[in-house]
Amino acid sequence: MERTFVMIKPDGVQRGLIGEILSRFERKGFKVVAAKFIQVSPTLAEAHYDEHKERPFFDELVSFITSSPVFAFVLEGQDVVRVVREMMGATDPLKAQPGTIRGDYGRSIGMNLIHGSDSLESAEREINLWFEKHEFVTYDRTLESWM
C-alpha cells in the first residue's frame, strides 16, 4: 500500500473545512494512519518548501503556512498519491473542476486549502519531515476487503 502526506492549510483550518476535507478521503476508502493539528514553525515551513527556496514567492509560502495552525495527516491506500492529487483538483481553484476539493472550496492560488504530495518520492520526504515513526498507528479495518 502506498502512503501520501496531506495538509489542510491555514485557510482550510480557518474556514472550518477539516472534517469536510478529511471525510472525502475516508469515504473514498483511504485510511488515516497518522494525523496532527499543528502550528507550523518557520524551520519546518522552510524545510517543507525547500524546493522553492530560490523562487520569489518562497517567503510568502513560509509566512502563509505559519500564519495559523494546519491539519497534517498521512493517508494509506492503493494508488493514493495519484488519487489524492485528482481529488484535490488543479492548484488554481479557478481552474479546478467542480467536485474536487479546490474546485468546490478554493478561492485563489494563494489560498487553495490543501497540499498533497505529488509523487511517491515527495510523499516519503514529506512524511519523514512531518511525522516520527511512533506517531503512526497500524490497524486493520474490516471494510478493507470490500474496497
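Rule-based calculations on the coordinates, nothing more; no lab input. Just so it is clear, the model here is predicted, and its values are computed rather than measured. Counting neighbours? That spans all protein chains shown, and the Cβs are built from the backbone with ideal geometry, glycine included.
Taken as Cα centroids, the stretch 99-147 and the stretch 77-91 sit 8 Å apart, rounded to the nearest whole angstrom.
For the stretch 1-88, which GluC sites (Glu not before Pro) are both in a DSSP coil and crowded by at most 11 other Cβ atoms within 10 Å? Before the final figure, lay out each step's value.
Numbers: sites: 2, 20, 26, 46, 51, 54, 60, 76, 86; in loops: 54.
Those satisfying the criteria are 54.
Among the chymotrypsin sites (Phe, Trp or Tyr not before Pro) within the stretch 1-97, not one is in coil by DSSP while having at most 11 neighbouring Cβ atoms inside 10 Å.
Among the trypsin sites (Lys or Arg not before Pro) in the stretch 90-146, those placed in a DSSP loop whose Cβ has at most 16 other Cβ atoms within 10 Å are 95, 107, 141.
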